[in-house]
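Heads up: the structure comes next, in structure tokens.
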Amino acid sequence: MSEKNTKELEKAAQKPGEDALKLHPYYKGKIETSLKCSIQSFDDFAVWYSPGVAAPCKDISNNKQQVFEHTNRGNSIAVVSDGSRVLGLGDIGPEAGLPVMEGKALLFKYLGGVDAVPIMLDTKDKDEIIRFCKVIAPTFGGINLEDIESPKCFDILSELQQTLPIPVWHDDQQGTALVVIAGMINAAKFVNKKFETLKISLIGSGAANVALVRLLSKAGVNIENIVVVDSRGILNLNRDDIKNNPAKWNIVETTNKDQLAGGIKESLQGMDACIALSKPGPGVIEESWIKDMSDSPIVFTCANPVPEIWPWEAKNAGAAIVATGRSDFPNQVNNSLGFPGLFRGALDVRALKLTDGMCLAAASEIASYAEKIGLSENYIVPKMDELELFAHEAAAVAMKAIDEGVAQIKLDKSEVYENALEMITRSRNITRSQMDSGFIKPAP
């Protein structure tokens with residue numbers, strides 16, 4: 001590729017950020033509170049507020065489960081973050097992280113029909129974050145933890161999953177992992193390699209890749225064929241510096257059967273796939289290192305806002321399939337394909353938790369949906385505009401929740417699918433109606 005073409009591609013890659021700086025202040029954010037009940041006259045306030053509201057309050061007091069009938073709790077998610085690890089930007093604080101959490105709420109609503117409330121916390125204390133989530137739990141049907149640094153994110157998730165009777169999810173762990181697995185299933189099919197025997201280098205050892213090791217193993221990949229690289233090199237039994245890190249040491253004891261040593265370069269030699277979830281590039285991964293991979297290598301470089309290597313550079317180096325976390329490149333392997341449909345299904349059967357089995361059911365449904373459409377080098381996972389994907393995913397997750405005994409409501413798969421489709425379509429139609437009527441101003 002010529003230097004001119006490379007510069008043009010790099011310039012185009014910078015445009016979303018430039019547009020974001022213009023449009024965020026134009027709209028003063030991306031979400032607002034909207035009403036869902038009918039108000040024919042001010043007399044209706046006697047029903048929706050005092051004195052009429054006392055009746056549903058008493059009903060809930062007699063049976064707490066009635067809160068799901070009288071309020072929006074059953075369709076409401078808290079998006080909780082301390083801003084300690086936002087995108088690829090690091091610890092930028094709660095205020096700077098708020099645009100991301102608003103964006104998360106937008107995706108929840110538009111893609112899954114789920115109402116989400118962004119909540120930024122002015123604390124990085126693990127116990128305070130846990131306590132906060134427990135205190136607000138009666139208001140929400142689920143909690144989505146977001147952009148919280150490791151290793152504390154593991155303890156926070158584990159404690160809340162064990163103690164709260166609602167789904168708690170850390171999207172940077174399970175969400176990223178399930179979509180990456182969906183993409184890897186189809187990428188392996190496209191290059192005629194067995195998913196179960198893939199040799200995979202995982203670049204980065206943060207929350208996403210730690211969860212990915214576990215879920216890849218549960219999905220059928222031979223865990224011994226996985227090699228993980230952190231900022232100091234390949235994880236192996238000689239890494240005394242991580243013996244006091246339980247998450248990393250567990251990886252050491254189960255992966256890297258050949259006890260490879262070195263850095264990213266060495267980890268990629270002869271590998272079938274690279275899954276990078278590390279730090280923003282470009283330049284983190286070099287073209288020459290991809291050339292040392294096996295035939296028809298699969299390269300997922302998912303750092304945000306800039307992947308570890310530009311897609312066109314990976315292609316030049318011989319990668320057969322390239323995926324990133326960005327929506328402006330082909331093959332967006334991003335958790336946005338996962339959490340809206342997954343929470344939709346969990347909420348619809350009032351699941352008590354989100355299990356690994358439910359995550360893998362979502363991954364399988366995402367992969368299956370794309371395969372039915374038709375796989376290509378630029379289409380290994382569906383795109384966000386494929387509305388029915390999220391309804392299918394919701395149904396698959398709900399059925400797995402019922403099978404695993406964590407659902408409080410039992411529905412047929414078709415019931416979940418139709419409800420999900422209705423909720424998602426409603427959200428999109430409301431947005432379109434507001435745009436058509438001028439209540440949402442056209443972008444300048």
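Could you check how many residues of segment 314-324 are buried (at least 24 other Cβ atoms within 10 Å of the Cβ) and touching a residue at least 60 places away in the same chain (Cβ under 8 Å)?
The first filter runs over segment 314-324 and keeps only residues buried (at least 24 other Cβ atoms within 10 Å of the Cβ), leaving 314, 319, 321-324.
When the remaining residues are screened for being touching a residue at least 60 places away in the same chain (Cβ under 8 Å), the result is 321, 323.
So the answer is 2.
Could you please find all residues in segment 270-283 being without any contact (Cβ under 8 Å) to a residue 40 or more places away in the chain and either closer than 12 Å to V229 by Cβ or surrounded by fewer than 16 Cβ atoms within 10 Å (Cβ to Cβ) (or both)?
Within segment 270-283, just G283 meets the criteria.
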Can you tell me which residue within segment 150-193, out of those that are assigned to a loop (DSSP other than H, G, I, E, B) and not hydroxyl-bearing (S, T, Y), is surrounded by the fewest Cβ atoms within 10 Å (Cβ to Cβ)?
N192
Can you find a residue that is assigned to a helix (DSSP H, G or I), at pLDDT 95 or above and in contact with a His (Cβ under 7 Å, 6 or more places away or on another chain) anywhere in segment 407-420?
yes
State all residues of segment 82-133 that are over 27 Å from E388 (Cβ atoms) and of a type in the set (K, R); if no residue qualifies, say none.
R85, K124, K126, R131
Out of segment 206-230, which residues are closer than 20 Å to V284 by Cα and out of contact with any Ser or Thr (no Cβ under 8 Å at 6 or more places or on another chain)?
N209
For segment 369-385, pairs from a residue that is in a loop (DSSP other than H, G, I, E, B) to a residue that is among the charged types (D, E, K, R), with Cβ under 8 Å and 6 or more apart or across chains, are L375/K189
Among the residues of segment 301-340, count how many are closer than 17 Å to A391 by Cβ and in contact with a Gly (Cβ under 6 Å, 6 or more places away or on another chain).
3
Is there a residue in segment 201-210 that is in contact with a strand residue (DSSP E or B) (Cβ under 6 Å, 6 or more places away or on another chain) and in a helix (DSSP H, G or I)?
yes
In segment 281-309, how many are modelled with pLDDT under 95 and touching a Leu at 6+ places or on another chain (Cβ under 8 Å)?
4
Flag for K265 being assigned to a helix (DSSP H, G or I) and surrounded by fewer than 24 Cβ atoms within 10 Å (Cβ to Cβ)
yes
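The values are calculated or read from the model by the stated rules, or taken from the named source; none is laboratory data. Please read all numbers here as calculations on a predicted model, not as lab measurements. So basically every Cβ, Gly included, is an ideal-geometry build from the backbone, and we count neighbours across all protein chains shown.
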